[in-house]
Amino acid sequence: EMCIRDRYKVYAGQEVRLTMGCGEGIQDCANPGVLRAEFCEVPEDRAPSLVDQTLKVQDAKVDMHLSSTIFEPMEGRLAGLNANFHFHYESLVKAEFDKIKAGTGYPIILSIGSRVILHHNGKRYMNSVDLKTYHALKAIDHIILGVYIALLGCASGTVSDDKIRETAASIDDLSENLVEEGIPENAVAGCRHVLAVAKQLCANRLEHLCTSRETMSKELMSLRDAIEQHIVIAQAAVLSGLHEIHAMYEALMSEEERESYYVAVAVAHQARSGDISKSYFLAMLNEQEGPGASQEHRVLAGEGVWDEHGLLDMVVRHCIDRSVGVAFFGDARRMQKDVMTPHCLQMIRDFARTGDLRELTNVSACPYSGRLTRSTTK
């Protein structure tokens, strides 16, 4: 099963998964306008979070996904040779996937929400971190955030007083049943403080007292210690479960494998920096977080990649690109950013400083010295 994200080689008769919204199907590279795939029913046992569309390639002529319509140039002598690059690259990706399935590739650990998955020696292991405490405490903090946003909505007339009364009543009921809802004993007092402030803000609105942003902000700032306590308790629970699973997986590996396995963590855009699972693995593998993918080695962050195949694909391409970086530039990380960045940044700075287009049109890059030289000809 292969997940098509943007441009993947596919084979006739191979079943693939097409993520919703990524495209309409597979086209024959020789006939860009001809659809060569049809949608099938989603298997009933597919997890709700992975409900994608399943399709099956119908035409044996298909060998590359949208190659003639996506990859420029589309005409001339360069078109076929450039398509060959994509063909061979995707062939190499497939070969690396085959190694993982056969158990001859490197071990890979994937962290996707509560699931922690290991691919090792041709076997797949999956265990889950208990996130009940994490989600319960996060929901408590969402309550005060929800009240704040609702009161802003009241000011604009989009939220009624009846809705505020209903929210206040629900807060009262929850406050008396926190342990039953999964809140640990050492967080109950802080949670009740948060709920009390949320209820007071609701009461202020219903009594027509001031609920401006500035007034509410003073109340909300008083919750900082309680909210940060929730964060510490929640993350401690996550780390405990994650470490137990990680230790179990490392015990399955040889000493050599423990020094070479890869980890891919699914992360959200806003929470990419400092994500708890990613930070844990960075610390355990003695790596540092950097901007984007620029400093990644064995621990990778899959921003917005929430499916298993997508993370595996990211690891495979990461390893291939690192070998390319070494072969062409003597730098394994060179392909983990725009390959032209070292030269372009100085050109951009020069242009931003002078505003003179000639700063761009008269620049060429010297591949041997790595320095920028300006052409003396117009």
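The values are calculated or read from the model by the stated rules, or taken from the named source; none is laboratory data. Predicted, not measured: the structure shown is a model, and the values here were computed from it. Note that we place each Cβ from the backbone using ideal geometry, even for glycine, and neighbour counts take in every protein chain shown. SASA here: full protein model, heavy atoms, side chains in, ligands and nucleic acids out. Shrake-Rupley method; radii C 1.70, N 1.55, O 1.52, S 1.80 Å.
Some notes on this structure:
- Condition met for Glu180 (of a type in the set (D, E, K, R), open to solvent by less than 80 Å² (accessible area, probe 1.4 Å), over 14 Å from Asp141 (Cβ atoms) and at pLDDT 90 or above): no
- 3 or more residues touching a helix residue (DSSP H, G or I) at 6+ places or on another chain (Cβ under 8 Å): qualifying helices (runs of 4 or more DSSP H) within segment 253-331: 276-284, 308-329
- One residue stands out in segment 275-300 among those that are free of Cβ contacts under 8 Å to residues at least 12 places away in the same chain and either over 25 Å from Val326 (Cβ atoms) or of a type in the set (Gly, Ala, Ser) (or both): the one that is surrounded by the most Cβ atoms within 10 Å (Cβ to Cβ), namely Ser279.
- The residues listed here are Ala95, Ala79; of these, the one that is more than 30 Å from Gly190 (Cβ to Cβ) and at pLDDT 90 or above is Ala95.
- Residue among Glu303, Glu257 that is of a type in the set (Asp, Glu) and open to solvent by less than 70 Å² (accessible area, probe 1.4 Å): Glu257
- In segment 100-109 there is no residue matching the filter, namely being in contact with a Lys or Arg (Cβ under 8 Å, 6 or more places away or on another chain) and open to solvent by 40 Å² or more (accessible area, probe 1.4 Å).
- Condition met for Leu151 (touching a Ser or Thr at 6+ places or on another chain (Cβ under 7 Å), closer than 30 Å to Ile233 by Cβ and part of a helix (DSSP H, G or I)): yes
- When residues of segment 123-148 are limited to those that are open to solvent by less than 40 Å² (accessible area, probe 1.4 Å) and not β-branched (Val, Ile, Thr), the one farthest from Asp307 (Cα to Cα): Gly146
- Any hit, segment 110-120, residues being open to solvent by 30 Å² or more (accessible area, probe 1.4 Å) and charged (D, E, K, R): yes
- Selection within segment 183-202: residues that are of a type outside the set (A, V, I, L, M, F, W, C) and under 25 Å from Val232 (Cα atoms). The member of this set that is least open to solvent (accessible area, probe 1.4 Å) is Gly190.
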